[in-house]
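Enquirer: The structure follows.
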Amino acid sequence: MEDSGRIRTAVFCGLVVTLFVLLLGQLFNLQVLDKRYHAAAEENVVKKRRTEPVRGEIYDRNGEKIAFNVVVYDLEILYVAAEKNLDTRGLAKILEIPTEEVNTRYENYLSGIENGTISKVRKYPLIRALDTTMSFRMRERLLDFPGLSLQASSRREYARHAPAHLLGYMGEINKNELNLYKEMGYRMGDYIGQGGIEAEFENSLRGKNGEAYVIEDVYGAERGKFEEGINDIKAVPGNDIYLTIDLSLQQYTRDLMREKKGSVVALNPQTGEILAIVSTPDYSLSEIMGKSRGAYFETLKESPGDPFLDRSLMGEYQPGSTFKTISALIALTNQTWSKTKSYTCKYYYPLSDNTVLKCSHSHAPAQNVGEALMHSCNPYFWEVFKKCVYGLRTESYAQALDDWGNACRRFGLGSKLLNLGLAESTGNVPWASYYDGLYGQKRWAPTAMISLGIGQGELSVTPLQMAFSYSIIANRGKDVFYPSLIRRVGKSREKRIKYNNTYKVSLSDYSAVIDGLRRAVQKGGTAEGSNIPSISFGGKTGTVEKSNQPSHSLFVGMAPLNAPEIVVAVVVENGGAGGETAAPMASLIAEKYLTGEISASRKELEYELQHKNTLVWDEE
Ligand SMILES: [Zn+2]
């Protein structure tokens with residue numbers, strides 16, 4: 001004890017001495033520097049300038065650029081050198097932008113000067129991101145505008161179909177953000193990540209500011225470095241980020257989603273890595289970062305379908321029949337159903353004396369779970385759900401329904417899955433207490449919510465959850481990883497997070513269900529025509545009916561079935577039956593990923609789907 005105390009005292013003393021020496025050095029440095037600084041100031045002016053770091057870029061899993069920097073020029077204004085009434089109209093004419101836009105920027109600048117958030121003696125970017133042509137044109141006219149100067153800068157540019165919702169964009173820091181970020185060296189006029197990866201990894205992407213001592217003339221024009229820059233501190237560039245996304249698959253998927261509302265999430269079930277994530281309608285990041293940002297935002301705000309909503313993470317959909325796989329696995333695991341059990345569908349299901357539910361179509365009787373999935377027989381799965389929840393009953397129906405709900409939750413439903421700060425919905429797996437509130441305690445039986453058994457009623461999931469629950473099935477419950485989007489930040493590799501799968505389903509039950517997925521894309525299945533030549537592909541359709549509108553088309557598929565490398569969840573709002581739109585799209589995405597191309601026999605299907613328009617704008 002005494003020893004460690006002595007060591008601590010020694011360390012402390014050492015620290016004090018070191019600090020003192022450092023301080024002395026700094027004092028000397030400042031005084032000497034200060035003298036030279038003033039000497040130079042007599043002729044011109046030496047200014048300490050903040051130098052900005054190069055922002056880190058965002059790449060896909062193969063090192064393809066998704067969000068990168070291009071050189072642009074900012075037109076900067078220095079209050080003390082500028083005329084008091086800036087000729088905004090003349091400026092707008094030279095730069096070919098609306099006068100109102102220049103006026104707004106100028107007025108905001110002046111009010112920033114007035115309230116002290118913008119410095120009078122520091123240059124401020126009045127007009128941003130001029131391209132080379134514009135900057136040349138402006139340079140020739142600078143003499144007409146004292147106090148204005150051009151500064152090389154950079155702005156984000158994007159690969160075609162870069163995932164807008166996922167990336168977020170860059171915008172000027174606002175007053176509230178400035179309060180939070182001031183200490184980190186941000187100031188008014190700075191760009192900062194707005195939403196998505198850009199905001200989530202702001203600190204890492206931004207890098208560290210540097211300092212440069214430059215000589216300026218009375219007009220604020222740079223006349224060279226002070227003492228050849230020996231006192232300068234270099235800015236530290238930001239970290240590049242590598243996503244799990246496969247850019248070419250992302251672009252292919254986005255092309256398929258043209259003129260459609262909905263979402264696609266494709267992931268590798270063996271790693272949890274998300275390969276493609278598309279939500280439509282979306283928006284163009286290049287336009288948001290362009291000259292007419294304001295006008296573009298206005299258009300977006302008024303456009304239908306909420307382009308800012310990330311349907312992949314925030315869209316809450318009834319899973320419909322895509323849920324029947326999970327429903328089956330729960331009943332098989334608690335042994336209230338067996339995989340070889342047949343059930344003859346009479347196309348209707350007598351729920352009570354005056355309620356009869358119907359099967360959506362006529363089909364051959366299902367001899368086992370696989371065939372029931374192939375035909376997506378509703379009565380079969382109503383029966384499965386009923387037997388399952390009744391079978392779970394020990395104390396009450398409420399207890400049984402909660403047990404069933406908890407089993408659903410072990411497939412990742414009802415909770416957030418990404419380990420990121422991105423907005424993500426939990427979806428909904430209802431608790432029994434919800435029905436207690438609706439009908440009164442012990443005043444209901446599970447038949448009242450039997451539609452849960454076919455993925456309807458109060459059940460809702462996000463497309464990401466759909467993909468994840470199927471990745472558990474794809475892996476037969478083993479070695480499952482949470483979905484991830486980031487591979488690497490700078491030099492540090494992101495750790496994948498293993499999913500603690502506590503739900504033990506037998507391998508033969510998984511096989512029975514996966515056999516149903518295989519059958520669904522074969523002749524007579526609900527996704528007939530969506531098989532991929534030479535690859536074993538399978539999945540489950542979902543058709544969620546909407547009043548007065550075409551149904552939502554859903555499908556979750558995987559390939560190759562013996563050891564899947566890709567799981568694809570597709571939701572196309574108003575896309576009709578699951579087998580009509582979502583299933584063939586998922587099969588194309590899987591084929592593209594696994595083989596790099598679409599087989600000749602499927603080119604026509606590909607063209608059709610790329611040009612299919614399922615948009616319905618009037619809200620329900
Ligand atoms: Zn049926």
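The numbers here are math on the coordinates, done by the rules we state, and not lab data. This is a predicted model, so every value here is computed, not measured. Every residue, glycine among them, receives a Cβ derived from its backbone with ideal geometry; neighbour counts consider all protein chains shown.
Enquirer: For segment 117-230, with only Lys/Arg (+1) and Asp/Glu (-1) charged at the beta-carbon, what is the dipole magnitude about the Cα centre, in debye rounded to 20?
Expert: Roughly 240 debye, rounded to the nearest 20.
Enquirer: Determine, from the Cβ-Cβ distance of THR595 and SER511 and an R0 of 30 Å, the FRET efficiency 1/(1 + (r/R0)^6), rounded to the nearest 0.05.
Expert: Given R0 = 30 Å and the Cβ-Cβ separation, E is 0.75.
Enquirer: Still on this model: Give me the Kirkwood hydrodynamic radius of segment 403-476, using the inverse of the mean 1/r over all pairs of distinct Cα atoms, in Å to one decimal.
Expert: The answer is 13.6 Å.
Enquirer: Projecting each Cα onto the charge dipole of the chain (Lys/Arg +1, Asp/Glu -1 at the beta carbon, about the Cα centre), which of SER352, ASN108, ILE197 comes out farthest on the positive side?
Expert: Positive-most Cα among the choices belongs to SER352.
Enquirer: With +1 assigned to the C-beta of every Lys and Arg and -1 to the C-beta of every Asp and Glu, and no other charges, what is the dipole magnitude of the chain about the Cα centre in debye, to the nearest 20?
Expert: Dipole magnitude for the chain comes out near 1500 debye.
Enquirer: Going by how many other Cβ atoms sit within 10 Å of their own, how do LEU554, LEU180, LEU78, LEU243 line up, fewest first?
Expert: Ascending Cβ contact count within 10 Å gives the list LEU180, LEU78, LEU243, LEU554.
Enquirer: Shape of segment 393-550 from its Cα gyration tensor (a ≥ b ≥ c, root eigenvalues): rounded if a/c is under 1.5, otherwise prolate when a/b > b/c, or oblate?
Expert: Note, shape of segment 393-550 comes out oblate.
Enquirer: Equivalent ellipsoid semi-axes for the chain, as square roots of 5 times the alpha carbon gyration tensor eigenvalues: give them largest first, rounded to whole Å.
Expert: 58, 30, 22
Enquirer: Continuing with the same structure: Arranged from highest to lowest average of other beta-carbon atoms within 10 Å per residue, in what order do the peptides 157-167, 576-586, 389-399, 203-213 appear?
Expert: So the order, starting with the most tightly packed, is 576-586, 157-167, 203-213, 389-399.
Enquirer: For the chain, return all DSSP H helices satisfying: extent of Cα atoms along own axis at least 30 Å; mean Kyte-Doolittle hydropathy at least -1.0.
Expert: 2-41
Enquirer: Using R₀ = 41 Å, calculate the FRET efficiency as 1/(1 + (r/R₀)^6) where r is the Cβ-Cβ separation of SER547 and GLU100; round to 0.05.
Expert: After rounding, the FRET efficiency stands at 0.40.
Enquirer: In the neighborhood of PRO430, defined by Cβ-to-Cβ distances under 10 Å, what is the net charge if each Lys or Arg adds +1 and each Asp or Glu adds -1?
Expert: Neighbourhood net charge equals -2.
Enquirer: Provide, for segment 47-243, the number of lysine pairs with alpha carbons under 15 Å apart, each pair being eight or more places apart or on different chains.
Expert: 11
Enquirer: With all distinct Cα pairs included, what does the Kirkwood hydrodynamic radius of segment 47-243 come out to in Å, to one decimal, could you say?
Expert: The answer is 18.1 Å.
Enquirer: Now a separate question. Sort segment 207-292 into rounded, prolate or oblate with this rule: let a ≥ b ≥ c be the square roots of the eigenvalues of the Cα gyration tensor; rounded if a/c is under 1.5, and if a/c is not under 1.5, prolate when a/b is larger than b/c, oblate otherwise.
Expert: Oblate shape, in that a/c is at least 1.5 and b/c is the bigger or equal ratio.
Enquirer: Separate question: Determine, from the Cβ-Cβ distance of ILE535 and ALA364 and an R0 of 30 Å, the FRET efficiency 1/(1 + (r/R0)^6), rounded to the nearest 0.05.
Expert: 0.70
Enquirer: With charges set only on the Cβ (+1 for Lys and Arg, -1 for Asp and Glu), what does the dipole of segment 47-243 come to about its Cα centre, in debye to the nearest 20?
Expert: With Lys and Arg at +1 and Asp and Glu at -1, about 220 debye.
Enquirer: May I ask you to order 486-493, 405-412 by the average number of other C-beta atoms within 10 Å around their residues, highest value first?
Expert: 405-412, 486-493
Enquirer: Under the rule of -39500 (n - 2.57) per DSSP H run of 4 or more residues, summed and divided by the residues of the chain, what mean residue ellipticity at 222 nm is obtained, to the nearest 500 deg cm²/dmol?
Expert: Per the formula, -11000 deg cm²/dmol.
Enquirer: Hey, fewest Cβ within 10 Å first, where do ILE197, ILE598 land in order?
Expert: Ordered from fewest to most neighbouring Cβ atoms within 10 Å, ILE197, ILE598 come out as ILE598, ILE197.
Enquirer: Hey, another quick one. Sort 305-311, 471-477, 50-56, 275-281 by the packing proxy (mean of other Cβ within 10 Å over each peptide's residues), most packed first.
Expert: 275-281, 471-477, 305-311, 50-56
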